[in-house]
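Colleague: I have a structure here, written as structure tokens, and I will follow up with some questions on it.
The values are calculated or read from the model by the stated rules, or taken from the named source; none is laboratory data. These figures come from a predicted structure and were not determined experimentally. Don't worry about glycine lacking a Cβ; one is built from the backbone with ideal geometry, like all the others, and counts go over all protein chains shown.
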Amino acid sequence: MSISPVNGIRLFISVIVFVLEITYPIKLRAQDTLKNSYPLSLNEAISMAKRKNKWVLIAETQAKSAQADLKDAYNAALPVATASSSYQRFSDLTLYTQSLSHSITRPRAATPNAANLGLDASFNLYSGGKQKDYQAELESRKNMADVNTNEQSGNYAMQTASQYLNLVQLAELKKFILDQLKRAEIRLKMINSLYKNQKVTRSDVLRADVMLSNVQLSLQQVDNDMQISNRRLTILLNLPETIVVMPTDSAGMTKPVPAGLAMLTGQAQTSSFSILKARQNINTQEARLKGMKSANMPTLSFYTAYGLNYPNNLFYPPVDQAYSIGFVGLKAQYNISSLYHNKHKVEAGKLRIAEAQLQNEAIADNVDQEVKSLLIKYGEALNRITVKEKNIEQSRVNYRIVSTKYFNQLALLTDLLDADNLLTASRFDLITAQTDALTIYYRLLYATGKL
């Protein structure tokens with residue numbers, strides 16, 4: 001059947017449009033992925049988490065509010081000054097006689113108007129150290145908030161490092177699965193060729209096809225896991241959901257030697273976040289106890305006032321004139337009831353201090369045990385890397401031998417598939433060992449307060 005020139009041109013244009021419709025979205029998606037890609041090193045990710053993570057920002061806000069409370073406590077020691085003024089207009093005065101049957105109305109002496117304008121001030125001279133104790137308590141709370149901010153920063157830096165390394169691990173696994181996918185496709189073609197030549201059975205073809213399908217499913221699973229891991233990382237870094245983080249560091253980056261980390265064991269007792277918080281809790285309880293004891297002490301304050309008043313009610317009868325007067329004085333007070341009201345409060349405060357000290361010792365023991373355990377596991381992880389590196393070469397040689405034997409009819413397909421899985425697993429085990437070592441390293445830094 002012949003095609004007219006017009007129809008031929010239409011067919012050609014339709015093919016061009018169809019090709020453009022297929023290829024353009026693919027190019028567009030590739031451009032979007034490239035546009036949204038965000039190359040990031042591990043150190044950059046940790047630094048960004050410390051600056052931008054929402055929970056770290058919340059902790060910083062809490063620390064700022066604690067600082068404001070401390071400033072308010074210092075301002076409370078300043079003199080208290082008050083300015084006041086008033087004006088009154090009185091009605092006539094009604095006087096009743098003979099019960100309420102007769103009344104007489106007179107204007108208020110000396111004038112129906114009254115006004116005053118005055119200033120007064122007071123200053124605490126002594127209150128048993130209560131003000132200083134309150135300031136010391138808020139100082140401890142402010143320090144606690146600062147330690148909490150550093151702890152949150154270190155905690156989310158550690159989580160970021162762990163998630164970053166997990167993304168690196170998945171990216172490497174995807175490379176290994178793609179290599180395995182190529183081997184599975186080539187192997188299936190070769191087995192199909194052998195089957196056509198009646199060199200192998202139908203079961204080998206089916207088994208090789210199943211192996212290819214499993215590898216494809218594994219690739220899809222890794223892609224999904226990478227999307228999930230990327231989203232978790234962007235949340236930690238407070239980045240938009242559309243950002244695709246592209247790790248620039250590999251699992252094979254240089255790792256510190258265990259000997260250089262041994263000093264962290266001793267430093268943990270002075271820099272661990274948990275220990276620092278426990279010590280600040282002791283300081284807070286001690287300051288609070290001192291404040292309770294100050295309630296048993298007398299108070300002494302200076303106060304003064306000066307005012308302008310109208311009319312003059314200091315004399316009798318009152319005089320229609322304005323006058324000004326002021327005074328200064330000292331005021332001493334002692335709350336006798338504090339001797340029995342405050343007794344059990346002081347006792348409870350002492351018990352809380354003892355509790356805080358025991359908590360500090362228990363936390364110090366836990367930190368010491370955790371740091372030493374992490375050091376042991378870190379050394380173990382480095383040894384595992386050495387073993388896994390040897391396993392990769394051995395699994396490669398094993399795969400080549402079994403592959404040669406199978407295609408020479410000297411081995412079973414099961415042996416070949418097992419050798420293929422062993423090669424992929426050994427390569428992935430090395431990456432896992434490397435990322436595990438780095439994860440332990442950052443956990444160690446966090447446990448010692450160095451992250």
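Colleague: Within segment 274-293, can one find any residue that is out of contact with any Leu (no Cβ under 6 Å at 6 or more places or on another chain), farther than 27 Å from LEU119 by Cα and surrounded by fewer than 16 Cβ atoms within 10 Å (Cβ to Cβ)?
Modeller: no
Colleague: From the list SER274, SER213, exactly one residue is part of a helix (DSSP H, G or I), closer than 30 Å to LYS175 by Cβ and at pLDDT 90 or above. Which is it?
Modeller: SER213
Colleague: Kindly indicate which of ALA145, ALA157, ALA161 is more than 29 Å from LEU40 (Cβ to Cβ), buried (at least 20 other Cβ atoms within 10 Å of the Cβ) and in the same structural domain as GLY252 (by TED's automatic domain parsing).
Modeller: ALA145
Colleague: Consider segment 79-130. How many of its residues are in a strand (DSSP E or B), charged (D, E, K, R) and surrounded by 15 or more Cβ atoms within 10 Å (Cβ to Cβ)?
Modeller: Summing the residues that are in a strand (DSSP E or B), charged (D, E, K, R) and surrounded by 15 or more Cβ atoms within 10 Å (Cβ to Cβ) in segment 79-130 gives 1.
Colleague: Looking only at residues that are surrounded by fewer than 22 Cβ atoms within 10 Å (Cβ to Cβ) and in contact (Cβ under 8 Å) with a residue 40 or more places away in the chain in segment 404-419, which one is nearest to SER271 (Cα to Cα)?
Modeller: LEU417
Colleague: Quick one: SER294 ticks every box in (1) at pLDDT below 90; (2) among the hydroxyl-bearing types (Ser, Thr, Tyr); (3) closer than 26 Å to THR439 by Cβ bar one, so which box is it?
Modeller: (3)
Colleague: Within segment 79-129, which residues are touching a residue at least 12 places away in the same chain (Cβ under 8 Å), over 22 Å from TYR310 (Cβ atoms) and hydrophobic (A, V, I, L, M, F, W, C)?
Modeller: VAL80, ALA81, ALA121, PHE123, LEU125
Colleague: Given (1) surrounded by fewer than 17 Cβ atoms within 10 Å (Cβ to Cβ); (2) in a helix (DSSP H, G or I); (3) modelled with pLDDT of 90 or more; (4) not charged (D, E, K, R), identify the lone condition not met by ILE385.
Modeller: Failing condition for ILE385: (1).
Colleague: Among the residues of segment 234-252, are any closer than 30 Å to ARG51 by Cβ, assigned by TED's automatic domain parsing to the domain that holds ASP429, outside any loop (DSSP other than H, G, I, E, B) and over 25 Å from the mean Cα position of the chain (by Cα)?
Modeller: Within segment 234-252 (the criterion being closer than 30 Å to ARG51 by Cβ, assigned by TED's automatic domain parsing to the domain that holds ASP429, outside any loop (DSSP other than H, G, I, E, B) and over 25 Å from the mean Cα position of the chain (by Cα)), the answer is no, since none of the residues qualifies.
Colleague: Suppose we filter GLU347, GLU355 for residues that are of a type in the set (Asp, Glu), in the same structural domain as LEU173 (by TED's automatic domain parsing) and either touching a Lys or Arg at 6+ places or on another chain (Cβ under 9 Å) or surrounded by fewer than 13 Cβ atoms within 10 Å (Cβ to Cβ) (or both); which single one remains?
Modeller: Only one candidate passes the filter, namely GLU347.
Colleague: With respect to GLU370, determine if the residue is within 30 Å of GLN267 (Cβ to Cβ), surrounded by fewer than 16 Cβ atoms within 10 Å (Cβ to Cβ), out of contact with any strand residue (DSSP E or B) (no Cβ under 8 Å at 6 or more places or on another chain) and modelled with pLDDT of 90 or more.
Modeller: On the way: within 30 Å of GLN267 (Cβ to Cβ): yes; surrounded by fewer than 16 Cβ atoms within 10 Å (Cβ to Cβ): no; out of contact with any strand residue (DSSP E or B) (no Cβ under 8 Å at 6 or more places or on another chain): yes; modelled with pLDDT of 90 or more: yes.
Here the answer is no, as GLU370 does not meet what is asked.
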